[in-house]
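Written out below as structure tokens is the structure these notes cover.
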Amino acid sequence: MSDIRKWDEVNGVDEAPGHLAAFLESATDSYAILQLRHTDDTLYERFESYSSLQQQGKEPDIDHYEVVYHGELPKAPDTPEAVMAQLEAFYVQFNTARPEDFRGHSLSVSDIVALKVGGVVSCHYVDSIGFKELENFALRENYLKNAEMAVEDDYNSIDGIINNGRKDEPETERHSVLDALKAFSNEEPTERRPPQKQAGRDER
């Protein structure tokens, strides 16, 4: 948990324990919107497609992002199609009907949508077309592990699933959203357009 709190403090998140921890520790299926911090380190990453980022020799770095919003999922997506539909729904919502307490810019390329379904977290890069699954984005810096250790009933169950119970409890089958997404490759999503300039919002 100390790393999560430090990450929040650096990014100016005053809420304790912070948006990221609140998202990870949520008892319900939830989502989070992550956007790049406005620093020199992110200057050439903002609004770039995933392929453009790779051409720079980079991968999305959690240290460059801040959680600007999190909330409860209206309905847990239980199929690959439902996952993609939910991601596209968030793209539309955070462009045309943003919540009043949302303080980020319209959801755009280079942003990340994190989903927590059944205790399993998956991260999805908003690409120029569709979404790119990021399997190691949150795991690489052990933020999930730190959050998990704070709430896990059994420390022998540190496995990327928040509080999956003690080993002496009956096991229930868990489905990973990431595994489901690997099997999904049907519809071609609509190409993203650059965000429109809006008064009172950060511009590129």
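The values are calculated or read from the model by the stated rules, or taken from the named source; none is laboratory data. Just so it is clear, the structure is predicted and the values come from calculations on it, not from any experiment. Because the Cβ atoms are built from the backbone with ideal geometry, glycine has one as well, and the counts that use them run over all protein chains shown. We work out accessible area using only protein heavy atoms, side chains counted, and drop any ligands, DNA or RNA first. Shrake-Rupley method; radii C 1.70, N 1.55, O 1.52, S 1.80 Å.
Summary of computed values
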{"quantity": "Mean accessible surface per residue for the stretch 86-128, computed with a 1.4 Å probe while every protein chain stays in place, in Å²", "calculated": "31 Å²"}
{"quantity": "Accessible-area composition of the stretch 83-124, carbon plus sulfur, in percent [1.4 Å probe]", "calculated": "55 percent"}
{"quantity": "Accessible area (Å², 1.4 Å probe, nearest 10) - Ile129", "calculated": "90 Å²"}
{"quantity": "Radius 13 Å from Cβ of Gly57, net charge of other residues (Lys, Arg +1; Asp, Glu -1)", "calculated": "-3"}
{"quantity": "Sequence of Val68, Val92 when ordered by accessible area, the most exposed leading, probe 1.4 angstrom", "calculated": "Val92, Val68"}
